[in-house]
Structure formats: C-alpha cells, structure tokens
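These notes concern the structure reproduced below.
What follows is calculated from the coordinates using simple rules that are stated; it is not laboratory data. Keep in mind the model is a prediction, meaning the values are calculated, not measured. In this analysis, Cβ positions are derived from the backbone assuming ideal geometry, glycine residues included, and neighbour counts consider all displayed protein chains.
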Amino acid sequence: MNGLLKRVNEGNSNLTEDDITDLLENTTDILRTVVLHKLNELSGLQQLETRIGALDDNKYGDIIAILLSVNPEFATSLINRDILSFDPTNSLNILNSASSSKLGNNLIDDRSIFYLNSQFNSNDAQISFLSTLTLIKHNKHLNNKQSMHSHYDRISRLASTFDRLPDNVISIFLEALSYLSSTPLIADTLSRDVRLINLMLSTLHLPPTKQSTQLYSQEQAPRDTSIEFTLSTVDPEDEEYMSIEKVRGRNSRMLQAGVASTLSALSRSKSLLSRRNTSTVYLALITNDANRPNLLKDGVVKALLNIISQQPSPLTGDDLHANQALAKMTITTPPSTLYAPPITTAAIGFIRPLYEMLIHPDALQLQQFEALMALTNVSSVGPDLAERVATAFDGGVLSTAEECLLSSHELLQRASTELICNLVGMSESAFSKYTTSARSKVNCGILLALSDAELVETRLGASGALAQLCGMSPIVCAHILSDPAKFLRVIMALLEDSHLGLVHRALVILDATLEACKDILVSDDQAKTAIQSSGLVDTLKNLILRLANEPSGRDVLPILKDTLIKLKNCGISIQVSS
C-alpha cells in the first residue's frame, strides 16, 4: 500500500487490480483516505466504481463514508443501496459524512431524520453522540436555530452521564460543540456551563480516539467548503451575542475555567491545524487587553513562540495569527515581564516572527502596523537590540519601515516613523542611513515632510527622529535646510501646535540647525530675509508666555532662549521683552 501511495503522490493514477483490492479491502481508513484524495486530484476515482459496487455492505459503507468527504458528487452517484439498513455505526458514518457538504446533505431526507432521532437513546454512547452530531450539522446547513438549541440540550444530557468521556466519542463530542458554539447564543450558554466546559477541557489529557468522524490528521486535504458559509453567517437575532461586551464575557469565563493551560498544552500538538487553531484562540483572547496579564502568567509567550518555531515554510495567512498575537503582547507588556532573562537574548528571538508578518504578502495592514509597533518596543530595550533590529535580514526591517513611511495608510506611516525614531537614536546602522548614505538627504526630507502629517503620533515620531539626528549630525541640519521654505513651513507648524512635545522637538531641530548652519546664515542675506518675513521670530516670542504658564513647558524655555540668541547672532532682528 505504501508503494501505491508513493505512485499516486508522484502523479501516477493508474491502479492495478491488486492495488484496488488493497485500497478497498486491506488498508486503514487514514491511508485509504489519503490515497483517495490523491486519486481525486488526479481524476482517477472512476476506475474504482465497479469494484466498489461489488463490496459487502460493511466495506461499501466505509468507502462511501470516506468518498463523501473526498468527492461528494462521485460518492452520491454510487449510492444504490438502502444505507439505513446497514449496521447502525456504518449508517451513521455515511450520514455524518454526508452532512459535511451541501451536496451530501441532499441525501438526508425525512426517513433519515427519523432514523437519526431514533438512535439518540441507543445504549451505545458512540451511536447516540454520532446521530446527534449528524443532526447538528444538517440543521446548521439549514440554518434551523430552534433545532440547534434542542441539540445542545441533547449533547449536554448525553455528556452529563459521564465523569470522563469514552475515547471513541471524544472527537464526536468536540465536533458537536464546535458546530453548536458557532451560534452566538449557544456559545454564550456553553461558556456558562462549567460542568460541560470542564468535561471538554479534560478531553485533552485523554489518548486520541482511533475512530474519527473526520480526517483530522490530514492538514491539507481538499474539502467541500460550501457548507461553511452558513457557519460564518451572522443571524440578525444573534447580533446581541456578538457584541464586544458579550464576546469578552465569554472569553473571561473561559479563562476562569482554565482554558489557558489547555491552550498551552495544545501549542505543543503535532497537528499543524491544531496549532493554527490554538494561535487563533490566543489572538482572540489577547485582543482584550484585560486578559493579557493572566495569559502571561499561564505562559502565553512561550506557547506562541513554540507554535511559531514549528510553522511551515512558506507561511500562509493562517499562520500569521500566532505572530500577530505575539506582536500584541509585545506592544503592551513591559520588557522585564515579557522577556525571560537574559532579556536581550530573549528579545532577539522576537525579531524574525515580527518581520515575517511585516513582509508577508497576505498580511493585513493591521498586522503590518502591529509588527512595526512591536519591533519599536523590541528596539527600545537598548542599543544592542536596536542595532539588531536595524541590521536584521540584511537591513530588511529598516528598509521595509522606510517603505512604509510612504504608505497611503496613516497607521503604517505612524508605526514606521515611531520605529525609525527609536532606531536612529540607538543604532549606528540606522543613524548612517540618514547621515552618510547616498539617500540620506532624501531620507531626511521624508522625515521633514512627515513632521507635518495628519496624525499627531506620526508628527511626533518623524520630528522626534529629526530632533535626535540634528542634535548629533550637522549633515542632517544641512539636508533639511536645503529647502528653506519647506523647512520654515514645517517648523512653524510644529511651534504653533497644541502638543507641547511637538513644540519641544521643533525647538531642538531649529536650535541645532541654527548652530550647524550659522556660518551660512550670517553671510546669506536672502536666507535672513526669508526667516525675518516668515513670522518665525514672532512665533517664538509668543511661545515664551505659553511655556512659562505650563509646568512642563518651563523645562523647554532654556532651549527657546538659546534659539532666539542664535537667531540674533545670525543677524536676525530680535526684540525680547524683559
């Protein structure tokens, strides 16, 4: 059978009679399912039709149940027997598989519904759970909310008879809850059912069942997604239970029930889908700031890093949930709490996942924004980390941040200016990009323009970067003064801003530029005339009273005084009141 699997993986769909016999009669369901999926991709299922028709009811039922998940159209064309007359487990496996697709659901008629309801009181727990799951999936497809509530009661009653679920019903029970909880009102009810939640969480510690209603082990198996539209459609009646307040309430109750420790264990799962789903749950919980301290205590950072360390290459958009959750934690958590000692070594491990999310082609703008904000916090740990961030991936982080400066998305502009503001003050490599590189003049011009951006955070970041650069390099001062009209316009706007931080930055830039370019200004009558006519002096004089009346403004007065003196020394007419 392994030889057959190898051949179909290589694209050979031609089966011998012995191959077909092994496939239909002598192999495990998991291996059979993998081969059938590959044959379906290769359009090779038709060669099985005659042999399937000759199987006994048990083997026929097994094959039909699998084919309904592989190719519902082909499977339904093969059904020419009374499947309800089979062994109950076989019949239910077929109906359950059929209920997973839109086409398969057409097989479930009134007689099938009666049959499924009749199996609820079976002495066999697996049959009771499986019949209920099938009804849940079928009614979910029909968007029958009333029935979904009654099915929840059924599952709850079935589960109440166990202190610990039998191995062969665990996957059925969990799948039923996953479908039921997609209805917001039921999700709210479930989150309040402590006994059922505890039973659900306890299943993690049990050995996996050998029999599953779906092929969970095949992460990339093709599937019919037509039924999933219903799962993601919000019923207007459920809007109340989709509100932020209700969702946060459910999340809080789940955390109180101990879901964090369960998620930590799931982060170590061998299943890629399980790890992806775990990161999605983490992201949902982390979105509420109030949950983050508790999650931090329960090892969320270690769990996320573990998930990230096992991500496939290349990453898909689904993989980014773990990176985004890590970014959110990085943005709001103090370094001393976030990173395990030694802090610098631990923080270095955050750079790659944040950068991968920043540059991923499927990343949302929110994810890129959060990646930049998180990298800003990583770089703020100290000069060593700032240099690591600036030089990581051959300067890729810094280059991408500079590209984002030109983005039409305001939040990306904001985050990139804040990152660059951090880097230029602590990283030699970033500093050189704005002082000695071939594009340094252009780069400084972009920061000057963004110092007059719409968002105050962008203005703070860009002008903060320039204030640091001008204070350390006369080259930067010369760069931004190369267009005097633009320079004066931006500086005047900053000086007149209501945000005192922007006023402070403008004074630092102006003071440093006057110092660096004093020889030029002293001899340049045209420049002096432009400054005199711009209203800069009057603006600075008006600032004196404003700063004197603000407690934090008094600390800025010495810089203002020094700036006025330097203007006077350059030949600008200054009259300062005593």
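Rounded to two decimals, what is Rg over Rh for the range 259-317 when you use alpha-carbon atoms and the Kirkwood radius? The partial results should precede the final answer.
Details: Rg = 11.1 Å, Rh = 11.5 Å.
Rounded to two decimals, Rg/Rh equals 0.96.
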Two-decimal Rg/Rh of the range 247-351 from alpha-carbon positions, Kirkwood Rh? 0.95
Longest exposed-site-free window of the chain, the sites being GluC sites (Glu not before Pro) in a DSSP loop that have at most 16 other C-beta atoms within 10 Å: 220-453
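Over the residues of the range 300-421, compute the C-alpha Rg and express it relative to 2.2 N^0.38 Å. Could the numbers behind the result be given before it?
On the way: Rg = 13.2 Å, N = 122, 2.2 N^0.38 = 13.7 Å.
Expressed relative to 2.2 N^0.38 Å, the Cα Rg reads 0.97.
Would you mind giving the three semi-axes, in whole Å and largest first, of the ellipsoid equivalent to the range 352-417 according to its Cα gyration tensor?
Numbers: eigenvalues 67, 29, 23 Å².
Whole-Å semi-axes of the equivalent ellipsoid: 18, 12, 11.
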If I fit a long axis through the Cα atoms of helix 88-98 and take the longest principal axis of the Cα atoms of the chain, what angle between them do I get, 0 to 90°, rounded to 10? 40 degrees
Could you grab the relative contact order for the range 1-130? Cα pairs under 8 Å, six or more apart, rounded to a whole percent. 18 percent
The range 428-578 shape via C-alpha gyration tensor axes, a/c threshold 1.5: oblate
Using modelled backbone amide H atoms (1.01 Å from N, in-plane), which distant-in-sequence or interchain residues come within less than 5 Å of ASP524's amide H? none
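If you take the beta carbon distance between ALA346 and THR436 as r and set R0 to 41 Å, what does 1/(1 + (r/R0)^6) give as a FRET efficiency, to the nearest 0.05?
Working: r = 33 Å, r/R0 = 0.79.
The formula returns an efficiency of 0.80 here.
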Rg (Å, one decimal) plus Dmax (Å, integer) for the alpha carbons of the chain? 32.8, 108
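I need the trypsin sites (Lys or Arg not before Pro) found in the range 361-466, filtered to DSSP loop residues with at most 15 other beta carbons within 10 Å of theirs. Spell out each step's value before the answer.
On the way: sites: ARG388, ARG414, LYS433, ARG439, LYS441, ARG459; in loops: ARG439.
Hits after loop and neighbour filter: ARG439.
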Compute the angle between helix 525-534 and the longest alpha-carbon principal axis of the chain, please, reported from 0 to 90 degrees and rounded to the nearest 10. 60 degrees
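Find the Cα radius of gyration of the range 2-205, compare it with 2.2 N^0.38 Å by division, and give the number to two decimals.
Normalised Cα radius of gyration, the range 2-205: 1.11.
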To the nearest 10 degrees, how steep is helix 29-41 against the longest Cα principal axis of the chain, on a 0 to 90 scale? 70 degrees
Restricting to lysines and to Cα separations under 22 Å from LYS137, and discarding same-chain partners fewer than 8 apart, the set is LYS102, LYS145, LYS210
With an 8 Å Cα cut-off and a minimum separation of 6 or more residues, compute the relative contact order for the chain in percent. 6 percent
In whole Hz, with x marking every Gly and Pro, tabulate ³J(HN,Hα) for the range 304-312 from phi via Karplus 6.51 cos²θ - 1.76 cosθ + 1.60, θ = phi - 60°. 5, 5, 5, 4, 5, 5, 10, 5, x
